[in-house]
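The structure under discussion appears below in the form of structure tokens.
Any read-out appearing in this document is the output of simple, stated calculations on the displayed coordinates, not a laboratory observation. From a predicted model like this one, the values you see are computed outputs, not experimental measurements. Cβ placement follows ideal geometry from the backbone for every residue including glycine, while neighbour counts extend to all protein chains displayed.
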Amino acid sequence: MSVSLLHLWHKRLANSIVLGLISFLLLNSCSPTKKENVIRVFAAASLGEVLRELGEKFEQQKSIKLEFNFGSSGTLARQIAQGAKPDLYISANKSWADYLLEEHIFIEDKIEKIAQNRLVLIAPKNKFQEKFEIDTSLSLVNILGKERLSIGDPRHVPAGQYARQALIHFGLYKEAEPHILPGKDVRSALMVVEMEEAALGVVYRTDALRSKKVSILANFPQDSHEGIFYYAGLCNEGATVKDFMSFLVSDKARTIWQGYGFE
Amino acid sequence: MSEFFGFNGAELQAISLSVQVALICSLISLPLALALGYLMARKEFWGKSILESIINLPLVMPPVTTGYLLLLLLGSKSLIGGWLLDNLGIKLAFSFYAAVIASIVVSFPLIVRSIRTSMELVDTGLEDASRILGAGKLKTFIRITIPLALPGVISGTILAFARSLGEFGATITFAGNIEGESQTLPLAIYSYMQIPGQEDSTFRLVLVSIFISFLAMILSEWYIKKMKDART
């Protein structure tokens, strides 16, 4: 008797949990998906910190909320092409912004440069700190020995593509190629150097500046690779998004950009 | 049509690497899982539930976390990884072996669970009879316990093989995405997905991975059915 009662009780409990879950899901899906006074921004992962601060400043000025979705520029572009609807897209390289331009996602059919980054050579802080200039007389292999060179995967990570261009520019790519450890994005390329799995790395200056575990050995000259620009495209007509876009390139925003190492 | 099946070098490398990693992973896991499965099914000892939780942890943890923990545990700055590097000159992280280790850790709970369950179902009376008739512990284990638990052993191994084929998170974190070294099928698919206009390559590799997993599943089903028929 008691066994069957317990059984019944279990069944009731399970039923009510299932019912609760279903009603929760239904209620959630009924709520409006598009809220007023919210700007949705899909942006490259390397802009995370700076955009959050810029966003806070902008939210203080206007009574508007910003929602961010950070990821690799390519992943975000594919999400948008498949139907995701942000108000603003910011890419870390031109080809993904162009990809969405060709799909006619952007309302004005144009993209805008909003910031610039630089490329640096880094090493784990407690291993190597001596600063030097990069030129054709440099031998990376001498520094590397048998160790690895960590860069973003040059097949698809923009930071890795810039790194390859810069290394080719100085004739260093051939000797460095067998040492390359390709990261799935520029942040993991940085992490590998922080963990001393690689003796050297080529990453964005903004990321290197924020890390306490690596030291910057050298800056790559701007002319050794394609310009590293961030491109933004408007995906929505709204006036508030346009306001945010012009805020991003305003003088007030510039000091914040520079505080994070952007130019 | 021949164009479609014409895989390029990098794709073939990823396919063969995946199969190698999965095979080595299953081969290493199997004896360990047999011993551990037996231990879990037959013995009571202090800390058994803790050991069980540790084995099962990779099953519920996000694979990226598992990879990160492996990096902390076996990376060149860690105690174990540092010792290996200083004394034997072996760098585990970001190599082929790292891909195998990641696969083993992630698929191990599946094979242990399956073997343990099937060993629990083996009649201990038969094991006792074998011992009374003079067979040693090891002989009893090999001649009685394993054959009777064989369906579970096989399906566990296939599960581990399949899980290892699909392993992504722990591999990319601990072994990296190096062509010809640690770029397995899922990692190659991921890389192709990141490049605009590589949809064909992506799709080809997706088909291959479905085909291999499907083949493994069908083989195990067929074998278990054959054994059932032989018994009745």
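General observations
- Calculated over the protein assembly as shown: convex hull of Cα atoms, volume per residue (Å³): 235
- Hull-based mean projected area of segment B:56-160, where the convex hull spans the alpha carbons, in square nanometres: 8.9
- Computed [θ] at 222 nm, deg cm²/dmol, the protein assembly as shown (DSSP H ≥ 4; -39,500 (n - 2.57); rounded to nearest 500): -18500 deg cm²/dmol
- Cα-based convex hull volume of segment B:1-62 per residue, rounded to whole Å³: 131
- Only lysines eight or more places from A:Lys127 in sequence, or on another chain, were considered; those with a Cα closer than 17 Å are A:Lys146, A:Lys212, A:Lys213, B:Lys77.
- The fraction of Cα-Cα pairs per 10 angstrom bin, counted from 0 for chain A, comes to 7, 26, 26, 18, 11, 7, 4, 1, 0 percent, rounded to whole percents.
- Annotation note: GluC sites (Glu not before Pro) in segment A:72-153 located in DSSP loop regions with a Cβ neighbour count of at most 15 within 10 Å are A:Glu103, A:Glu108, A:Glu130, A:Glu133.
- Under-5 Å amide H pairs with A:Val214, H placed in peptide plane, nonlocal only: A:Lys125
- When segment A:48-177 is described by a simple charge dipole with +1 on each Lys and Arg Cβ and -1 on each Asp and Glu Cβ, the residue from A:Ile114, A:Tyr173, A:Ala97 located farthest towards its positive end is A:Tyr173.
- Net charge dipole size for chain B [Lys, Arg +1 and Asp, Glu -1 on Cβ; Debye, nearest 20]: 940
- Spin-label model, A:Ser224 to A:Lys127: label points 7 Å out along the Cα-to-beta-carbon direction sit 1.9 nm apart.
- Calculated P(r) of segment B:39-117 - Cα pairs past 19 Å, %: 47
- Amide H partners (placed H, <5 Å) of A:Glu67, local residues excluded: A:Ile39, A:Arg40, A:Val41
- Extension gain, A:Gln116 back to A:Asn37 (0.36 nm per residue minus Cα-Cα distance, nm): 25.5 nm
- For A:Val203, residues with placed amide H under 5 Å, excluding near neighbours: A:Val120, A:Ile122
- Using θ = phi - 60° in the Karplus curve 6.51 cos²θ - 1.76 cosθ + 1.60, the 3J(HN,Hα) couplings for segment B:95-112 round to 9, 4, 5, 4, 5, 5, 4, 4, 4, 4, 4, 6, 8, 4, x, 5, 6, 5 Hz; x is entered for Gly and Pro.
- Proximal charge balance of B:Met119 [Cβ under 13 Å; K/R count +1, D/E count -1]: +1
- Largest first, the three principal axis extents of the alpha carbons in segment A:182-255 are 48, 25, 24 Å in whole numbers.
- Each residue of segment B:167-232 gets 102 Å³ once the volume of the Cα convex hull is shared out per residue.
- In percent, rounded to a whole number, the relative contact order of segment A:79-197 is 24, using alpha-carbon pairs under 8 Å and six or more apart.
- Whole-Hz Karplus values for segment A:67-75 come out as 10, 9, 10, 9, x, 5, 3, x, 4 Hz, taken residue by residue from phi with 6.51 cos²θ - 1.76 cosθ + 1.60 and θ = phi - 60°; glycine and proline positions read x.
- Anchor A:Lys252: lysines whose Cα lies under 23 Å away (excluding residues fewer than 8 positions away in-chain): A:Lys57, A:Lys62, A:Lys65, A:Lys113, A:Lys242
- Charge dipole (Cα centre; +1 on Lys/Arg Cβ, -1 on Asp/Glu Cβ; no other charges) of the protein assembly as shown amounts to roughly 1800 debye.
- Prolate/oblate/rounded label for segment B:153-197 (Cα gyration tensor, a/c 1.5): prolate
- Proximal aspartates and glutamates relative to A:Lys184, as straight alpha-carbon distance under 13 Å, when same-chain residues fewer than 8 apart are discounted: A:Asp153, B:Glu179
- Label-point gap, in nm, between B:Leu84 and A:Asn142 - each point 7 angstrom along Cα→Cβ: 3.3
- Derived scalar couplings ³J(HN,Hα) [segment A:165-173; Karplus, 6.51 cos²θ - 1.76 cosθ + 1.60; whole Hz; x for Gly, Pro]: 4, 5, 5, 5, 4, 9, x, 9, 5
- Cβ-defined net charge surrounding A:Met195, 14 Å radius [Lys, Arg +1; Asp, Glu -1]: +4
- Size-normalised alpha-carbon gyration radius of segment B:124-219, reference 2.2 N^0.38 Å: 1.69
- Counted by Cβ distance under 14 Å from B:Gly136, the other residues give a net charge of +2, where Lys and Arg count +1 and Asp and Glu count -1.
- Only Cα sites of chain B enter the Debye sum here, all with the same form factor; the resulting log10 I(q)/I(0) across q = 0.10, 0.16 1/Å is -0.56, -1.13, listed in q order.
- Taken about its Cα centre, segment B:1-91 carries a charge dipole of about 360 debye when Lys and Arg each add +1 at the Cβ and Asp and Glu each add -1 at the Cβ.
- Once the Cα atoms are used to define both axes, helix B:199-231 deviates from the longest principal axis of chain B by about 10 degrees.
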